[in-house]
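Novice: One structure, pasted below without further comment.
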Amino acid sequence: MTVVGPFGLSVRDQALEADVQTGLAAVEAGLLEATKSEVPFITEAAQHLVRAGGKRFRPLLVMLAAQFGDPYAPGVVPAAVVVELTHLATLYHDDVMDVAEVRRGVDSANARWGNSVAVLTGDFLFARASHILADLGPEAVRVQAEAFERLVTGQILETAGPRDGRDPVDHYLDVIGGKTGSLIAVSGRFGAMMSGVDETVVDILTQYGERLGVAFQLADDVLDIASDSHESGKTPGTDLREGIPTLPVLLLRAQAEAHGLPEDLALVELLDGDLADDARHAEALRRLRVHPALEQARRDTVRYAEEARATLTPLPECYAKSALVELCDAVVHRAG
């Protein structure tokens, strides 16, 4: 049994391990190649987050999904490069929108070079992803375009906020379905498509990725409150300090509105204050960590992970299926 990929995923078959390791190494090389430019400064900016590392969660899912067909099919690695380039591009844009200073333990691109360079670098990565997609065929282009539309729609919905009368929690789940679930769903879809499996298996792995993607983001929400050392390189409570809505905070607000308990109302008031103040921020984190809303967020994370696991039921038993099941467990473990 060997540990590979994000979250210490354990692979129990040597052939699968070799395929995954070889595939991820090829993706890494592909990312570096795709982010090269004749202009050295563009190369430096475009490779900034590539070289900072990351879990490579999406390429890993592409590799595992491809195991249900031909994992050596020529489109598998390029498709994995496309989804990771797209993900990286969104990070450049997200950091500008969030005024983030750190990403993956290094200075964010906007902190180092300014907002204009960060936005344009993200655009450069989208362009390079599109160039690779063109060689994968019109269906791949269509799938990516639809996912990108959902991703951008999710970002716009987050920026606009819920419309009058809309449950903020339901609105938030729609947001992360677009922002996170869509691209992880494409990872499962591309791996299956490029490996040549039938449409039934493609649909199963797409739905799996969609649900796993939501669970993945909800686990991040829990970690932002509960962890002492955030895996993404951000310090605990980063989203909290920046006023970014996350599930535990939305659940707290819903409980405060529904029941009006003094301690809930007091915590909401604290969150609505100046969390740039370190003492207020630490107090908010302390109180959220023991609030029932955090445990409810954990339960919701588990629910989406279990839904992802259930979608795999029709697939034949194999080591790749076991690894996909273990990914569900690993996502839940992050929020534990």
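Novice: Across region 25-46, what is the total count of residues that are aliphatic (A, V, I, L, M), modelled with pLDDT of 95 or more and open to solvent by less than 30 Å² (accessible area, probe 1.4 Å)?
Specialist: The number of residues fulfilling the criteria is 3.
Novice: If you don't mind, there's one more thing I want to ask. Return the pair list, or none, for Cβ contacts closer than 7 Å from residues in region 170-183 that are free of Cβ contacts under 8 Å to residues at least 24 places away in the same chain to residues that are open to solvent by less than 10 Å² (accessible area, probe 1.4 Å) and not basic (Lys, Arg), at least 6 apart or on different chains.
Specialist: Hits for this filter: VAL175/GLY154.
Novice: May I pose another question? Being outside any helix (DSSP H, G or I) and either touching a Gly at 6+ places or on another chain (Cβ under 8 Å) or of a type in the set (A, V, I, L, M) (or both): is that true of ALA282 here?
Specialist: Details: outside any helix (DSSP H, G or I): no; either touching a Gly at 6+ places or on another chain (Cβ under 8 Å) or of a type in the set (A, V, I, L, M) (or both): yes.
So ALA282 does not fit the description; no.
Novice: Is region 56-64 home to any residue that is in contact (Cβ under 8 Å) with a residue 12 or more places away in the chain, part of a helix (DSSP H, G or I) and either surrounded by fewer than 22 Cβ atoms within 10 Å (Cβ to Cβ) or on the phi > 0 side of the Ramachandran plot (or both)? Let's see the steps before the verdict.
Specialist: Within region 56-64, the subset in contact (Cβ under 8 Å) with a residue 12 or more places away in the chain is 56-64.
Right, trim to part of a helix (DSSP H, G or I) and you get 57-64.
Then keep just the ones that are either surrounded by fewer than 22 Cβ atoms within 10 Å (Cβ to Cβ) or on the phi > 0 side of the Ramachandran plot (or both); that gives none.
No, because not a single residue in region 56-64 is in contact (Cβ under 8 Å) with a residue 12 or more places away in the chain, part of a helix (DSSP H, G or I) and either surrounded by fewer than 22 Cβ atoms within 10 Å (Cβ to Cβ) or on the phi > 0 side of the Ramachandran plot (or both).
Novice: Considering only residues that are over 15 Å from GLU210 (Cα atoms) and aliphatic (A, V, I, L, M), which ones fall in region 289-334?
Specialist: The answer is VAL290, ALA293, LEU294, ALA297, LEU315, ALA320, ALA323, ALA330, VAL332.
Novice: Pairs please, first residue from region 75-91 and in contact (Cβ under 8 Å) with a residue 24 or more places away in the chain and crowded, with 24+ Cβ neighbours inside 10 Å, second anywhere and part of a helix (DSSP H, G or I) and hydroxyl-bearing (Ser, Thr, Tyr), Cβ atoms under 6 Å, 6+ apart in sequence or on different chains.
Specialist: Correct list of pairs: VAL83/SER187.
Novice: Would you please name the residue that is surrounded by the most Cβ atoms within 10 Å (Cβ to Cβ), looking only at residues in region 276-334 that are in contact (Cβ under 8 Å) with a residue 40 or more places away in the chain and among the polar types (S, T, N, Q)?
Specialist: THR301
Novice: With respect to THR200, determine if the residue is open to solvent by 20 Å² or more (accessible area, probe 1.4 Å) and either part of a loop (DSSP other than H, G, I, E, B) or of a type in the set (Ser, Thr, Tyr) (or both).
Specialist: Taking the combined requirement at face value, the residue satisfies it.
Novice: Restricting the first residue to region 132-143 and requiring it to be in contact (Cβ under 8 Å) with a residue 24 or more places away in the chain, which pairs with a second residue that is part of a loop (DSSP other than H, G, I, E, B) and surrounded by 11 or more Cβ atoms within 10 Å (Cβ to Cβ) meet a Cβ separation below 6 Å and a spacing of at least six or different chains?
Specialist: LEU136/GLY75
The values are calculated or read from the model by the stated rules, or taken from the named source; none is laboratory data. Not measured: the values here are computed from a predicted model. Cβ: placed from backbone, ideal geometry, glycine included. Neighbour counts: every protein chain shown. Side chains are part of the model used for accessible areas, which takes the heavy atoms of the whole protein and leaves out ligands, DNA and RNA. Shrake-Rupley method; radii C 1.70, N 1.55, O 1.52, S 1.80 Å.
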